[in-house]
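Colleague: Here it is: the structure, laid out below.
The numbers here are math on the coordinates, done by the rules we state, and not lab data. Treat the numbers as computed from the prediction; the structure is a model and nothing was measured. Glycine gets a Cβ as well: all are built from the backbone with ideal geometry, and neighbour counts include every protein chain shown.
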Amino acid sequence: MHDGRPESCIPMKRYAITGFVIWAAATIAIRLAGQYLFRFPLLLLIVSIPAMIFVAIAVVGQAQDRARAAIALVAPGMLLDTISTIWFARIFPNIDPNAAGLFGGWLLLCNVVVLLTAVIYAPRRVES
C-alpha cells in the first residue's frame with residue numbers, strides 16, 4: 001500500500017532507528033562503566049576513530065545515499081546527547097564531572113567521523 005511518502009523514507013527510518021539503538025546501548029554502557037572510559041583521553045580518541053569508521057562502513061556503507069543515511073544514523077544520538085551533555089553529572093554520576101568537556105568533544109569526534117566516512121567512503125564495485 002502506497003501512502004504518498006517516497007520509498008526512500010523507509011530505509012532512512014531504519015537508519016534512524018539503528019542510530020537510536022546504538023545511542024541507547026552506548027549510553028547504558030557509559031552509565032555502567034564510563035568511569036573507566038575517560039581515564040586515558042588520548043587513547044579514547046585514537047581508538048574511537050577506527051571504531052566509528054567501522055560503524056559507518058558497516059551500517060551505511062552500502063546505502064544508495066550514504067550521506068543522508070549517515071545523517072539519519074547520527075541524528076537521534078546527537079539530539080539525545082544534548083540532554084546527557086547538559087545534565088552530565090546527573091546522568092553519569094559514576095564519571096568525574098570534570099570529564100564533561102572530554103565527553104562533549106568525544107561525541108563530536110565520533111559523529112563527525114561517521115559523517116565524513118559516509119561522504120568519503122566509496123565501496124568497491126564488483127564487476128561481473
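Colleague: When you count, for each residue, the other Cβ atoms within 10 Å and take the mean per peptide, how do 23-36, 94-107 rank with the highest first?
Modeller: Going by the mean number of other Cβ atoms within 10 Å, highest first, we get 94-107, 23-36.
Colleague: Shifting gears a bit: May I ask you to compute the full-extension gain from residue 112 to residue 78, defined as 0.36 nm times their residue separation minus their alpha-carbon distance, rounded to one decimal in nm?
Modeller: Net length gain for the segment: 11.2 nm.
Colleague: Next question. Taking the Cα centre of each part, how many Å lie between the range 86-104 and the range 18-53?
Modeller: 13 Å
Colleague: Show me 72-79, 84-91 ranked by packing, highest mean number of other Cβ atoms within 10 Å first.
Modeller: Peptide ranking by packing, descending: 72-79, 84-91.
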